[in-house]
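Following: one structure in structure tokens, then a few remarks.
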Amino acid sequence: MESAGMKIVIDDRPVEVEEGTTILQAAKQAGLHIPHLCFHPAFVPEGSCRICLVEIEGLPKLELACATAVRDGMKISTQSPRVREARRGVLEFLMADHPLDCPICDKAGECKLQDYYQEYGLFEGAFKEAKEKRDKIIKIAEKLILDRERCILCTRCVRFLSEITKTQELGVFRRGIHSEISTYEDAPVQNNYSGNLVDLCPVGAITDTEFRFKTRTWFLAQSESICPLCSRGCNIYVDYHPGFTRIPGTAKIYRIRARENLEVNGRWICDFGRYGFPSLEKDRGDKILWKKEGRDTIMSWEKILSLLAEKLRPRHRTKNTSNIAVVANTWMTNEELFLFKKIFKDDLGLKKIFFADPRPGSGDGFLLQAERTPNARAAKEMGLELNPVNLDDLSKNTDVLIIFGPFLADLHDPSSLKNDLDKIRTKVLVSSHRSGLESYVDFILPASGILEKTGSLTNRDGLVQKFSAVCPPCGDSRPEWSVLIELAKELRINAGYYSRLTQPEVILKEMGKEIAFFR
Amino acid sequence: MIRSLGYFWELIKGSLITARHFVVNMWFHTLKLFGIKTKRRGAVTIQYPEQKKALASRHRSLQRLLKRQDLKPRCVSCMLCVTVCPSECIYVEAAEDPDPDIQKYPSTFIIDLSRCCFCGFCVEACPEDAIRMDTGKIDLAQSTRQDLIYDLDKLLK
Ligand code: SF4
Ligand code: SF4
Ligand code: SF4
Ligand code: SF4
Ligand code: FES
């Protein structure tokens, strides 16, 4: 097949595109936006909403940009008076029965119907008939609510469930003006990707109970991040509200949405990740504590780090580090794992290095992986062995134990954990979440949650993805990378080396120099 | 030395201004007493707070939330007042109303009066005419900040 491009002109802009490209995609390549509601790049075009009409020179009727392939020499106009008039007409029909609930509609602010009305509509409604009443609160899935008045029957939801998840729980029922989206015989939408319907629906017809009525979209700051809940590393948006002065507890993350990355997750994320984020904000530890003779003393970072360094330094100096044990986890970022390896494996020469990670779940064969940790691949690439914790090995002849992360608590039953940890004199916990481990240790250092950190993660396919902090650290917490660097400085090992590593980006660059994989 | 002299000079200047106002106003009041009509009139002050002036019909005073016939708040928690408020002093939490025609009602509605600048934008923004600033209450000073936080109960009264 020859790859000779098709030369076309869109709004006086010449573009060359491949054969088979639709007008809408060609316009996108030319940097022009053609309004569309039912078209979605992941699905076969449906051509039901008719908002994408364009004028093609030499053709008597307007054509659908989403479903018409380009032909060589085509001259297309996307903004001619005829086109604009047609779009206005289409909008007027789409809104003929639309409730215009905008003030209480969760889509308002990012609703395509609102946007296009602003751009092409601005008509006075000419319909005299009363708007048709339809059901407004229909539970179509555990977390999804359908509003039939707001639905514009674009069938994106139907096509998602038949083309992507292939579960086909929704369909268009009845005919003509009575058409409506519905589940079959009340069997709910039940798959691990149902949350995507909320992102997909161009209007506010499908809302999820997690976000419904909680806030308005324009209050939210949108940040790009990586989902930490499995090793796939799906790209996400995190929508965060900075909170109201003087009303405590109002700063929070309101929702997670899929971010397009065709290499990793396409345009979707699973419900496990989407609705798993409240667990990241719950039970956070935010104070630096020293349990001195059973009494909790609140400490500063400087004090506690120098205290710890005092305990480790003599052992390092006498090269007698065999009684130090550390437990890491692969929720730590690339940078943190690298520093961890540098300090504990290379500089201190520890033998007892273990990993405590969340228990694997089951994958679903699409995005969700059984491995419920985001960065195991990085640890392997660095040459760290993911030894699971064996309590006997951990406590035998151990004097100092440093635990990173809360996961150890879920892996062993409390009585044996307490039994074995009691044999160790000094125990340090660096953890973002409260887990029950606090009661067995002497020093508690609060770590920032993964959404409060900047750094990078390596997904299961070896893709290194950078992300930056979504919100400020909780309480006194600090990210592990900064704790590790400060600790190294206090220990006075390799001082020149660690004092250069001031930011995650610098650490990543340094990693690239030392480990070819991260280049 | 010169600076402290300047201070006294400003004091004298200020007293002279006060004296000028007193004399001018007394002059016009005296003329009025004798029935002499002049274009300008002497200034009149009222003894607030013992004496109060009637408020203009378009004044803005303490906010109130209006009720429906069934005594539930009219507010549908659209948070447009929260959006428009330049002082960021309104906080609304919504809940699901069992009535599908209402859908959204405020489970929390807080106005932090210590920040409110009485611009009245919240009233303008409300699509439901659920909030008004026509209570006529303008003496709102309190001695603690907490007393200036008006919640749903206080605003519905
Ligand atoms: S779907 Fe869009 S236009 Fe319709 S009520 Fe919601 S925000 Fe308004
Ligand atoms: S519910 Fe949303 S996505 Fe589905 S057909 Fe209606 S408007 Fe389209
Ligand atoms: S009057 Fe102005 S400052 Fe006060 S609550 Fe309303 S919008 Fe905010
Ligand atoms: S604008 Fe009106 S209806 Fe909307 S939240 Fe404020 S008071 Fe309630
Ligand atoms: S986007 Fe082309 S018809 Fe809907």
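General observations
- Candidate residues B:THR18, B:THR108: accessible-area rank, largest first, probe 1.4 Å: B:THR18, B:THR108
- Carbon plus sulfur fraction of accessible area for the protein assembly as shown, probe 1.4 Å, in percent: 52
- Shape annotation for segment A:5-95: C-alpha extents along the principal axes are 39, 30, 22 Å, from largest to smallest.
- Quotient of Cα Rg and 2.2 N^0.38 Å for segment A:289-518, N being how many residues it contains: 0.98
- Total accessible surface hidden between B and A, rounded to 100 Å², 1.4 Å probe: 1900
- Rg to Rh quotient for chain B, alpha carbon positions, Kirkwood Rh: 1.23
- Karplus-derived 3J(HN,Hα), 6.51/-1.76/1.60, for each residue of segment B:95-106, Hz, glycine and proline x: 9, 7, 7, x, 6, x, 7, 9, 6, 10, 9, x
- At q = 0.13, 0.15, 0.17, 0.19 Å⁻¹, base-10 log of I(q)/I(0) for segment A:86-197 (Debye sum, equal scatterers on each alpha carbon): -0.56, -0.73, -0.92, -1.11
- Between segment A:190-267 and segment B:43-59, the alpha-carbon center distance in angstrom: 53
- Förster-model FRET efficiency, 60 Å R0, A:ASP12 and A:ALA130, C-beta, rounded to 0.05: 0.85
- Residue-normalised accessible area of the protein assembly as shown, expressed per residue, 1.4 Å probe, Å²: 51
- This model, with +1 at the C-beta of Lys and Arg and -1 at the C-beta of Asp and Glu, gives segment A:5-95 a dipole about its Cα centre of some 240 debye.
- Annotation for A:ARG71 and A:ALA221: the two label points, set 7 Å from Cα along the Cα-Cβ direction, are 5.3 nm apart.
- A Förster distance of 35 Å, applied to the separation of the beta-carbon atoms of B:ALA19 and B:GLU50, puts the FRET efficiency at 0.85.
- Farthest positive-ward along chain A dipole, Cα basis, beta-carbon charges - from A:SER80, A:CYS38, A:SER362: A:SER362
- Residues listed by number, segment A:38-78, amide nitrogen under 17 Å from A:PHE93 label point at 7 Å toward C-beta: A:38-39, A:46-55, A:61-67
- Our note on the geometry: Cα centres of segment B:71-134 and segment A:1-80, 45 Å apart.
- At a threshold of 50 Å², the residues of segment B:72-105 that become less accessible to a 1.4 Å probe in the full protein assembly than in their chain on its own are B:MET79, B:TYR91, B:GLU96, B:GLN103, B:LYS104.
- When the Cα positions of A:ILE288, A:PHE93, A:SER182 are compared along the charge dipole of the protein assembly as shown, A:ILE288 comes out farthest toward the positive end, with charges on each C-beta of Lys, Arg, Asp and Glu.
- Taken one residue at a time, the phi angles of segment A:8-19 give Karplus couplings (6.51, -1.76, 1.60, θ = phi - 60°) of 10, 10, 10, 6, 6, 9, x, 9, 10, 10, 6, 5 Hz. Gly and Pro are set to x.
- When chain B is treated as a Gaussian network with alpha carbon springs shorter than 10 Å, the biggest mean-square fluctuation among B:PRO127, B:PRO106, B:PRO49 belongs to B:PRO49.
- With respect to chain A, whose longest principal axis is taken over its alpha-carbon atoms, helix A:81-94 is tilted by about 70°.
- Rounded to the nearest 20, the size of the Cβ-charge dipole of chain A about its Cα centre is 1300 debye, with Lys and Arg at +1 and Asp and Glu at -1.
- Peptide A:208-215 is shielded by partner chain Cβ atoms: per residue, an average of 3 of them sit within 10 Å of its Cβ.
- Any cysteine of chain B lacking a neighbouring Cys Cβ under 4.7 Å - listed by number: B:CYS75, B:CYS78, B:CYS85, B:CYS89, B:CYS116, B:CYS117, B:CYS119, B:CYS126
- Prolate/oblate/rounded label for the protein assembly as shown (Cα gyration tensor, a/c 1.5): oblate
- Gain on full extension, evaluated as 0.36 nm per residue between A:LYS423 and A:ASP286 minus their Cα-Cα distance, stands at 46.6 nm.
- A cut-off of 5 Å between modelled amide H atoms, ignoring neighbours fewer than 5 places along the same chain, links A:LYS427 with A:LEU401, A:ASP442, A:PHE443.
- Interchain or long-range residues, amide H under 5 Å from A:LYS252's placed H: A:HIS241, A:GLY243
- Under the combined filter of DSSP loop state and at most 11 neighbouring Cβ atoms within 10 Å, segment A:87-179 retains these trypsin sites (Lys or Arg not before Pro): A:LYS128, A:LYS166, A:ARG174, A:ARG175.
- Rounded to the nearest 20 debye, dipole of chain B from Cβ charges on Lys, Arg, Asp, Glu: 1580
- From largest to smallest, the equivalent ellipsoid semi-axes obtained for segment A:213-294 from the alpha-carbon gyration tensor read 28, 20, 10 Å.
The values are calculated or read from the model by the stated rules, or taken from the named source; none is laboratory data. Computed from a predicted structure; not experimentally measured. With ideal geometry, Cβ positions are generated from the backbone for all residues, glycine too; neighbour counts draw on all protein chains shown. For accessibility, only protein heavy atoms count, side chains too; no ligands or nucleic acids. Shrake-Rupley method; radii C 1.70, N 1.55, O 1.52, S 1.80 Å.
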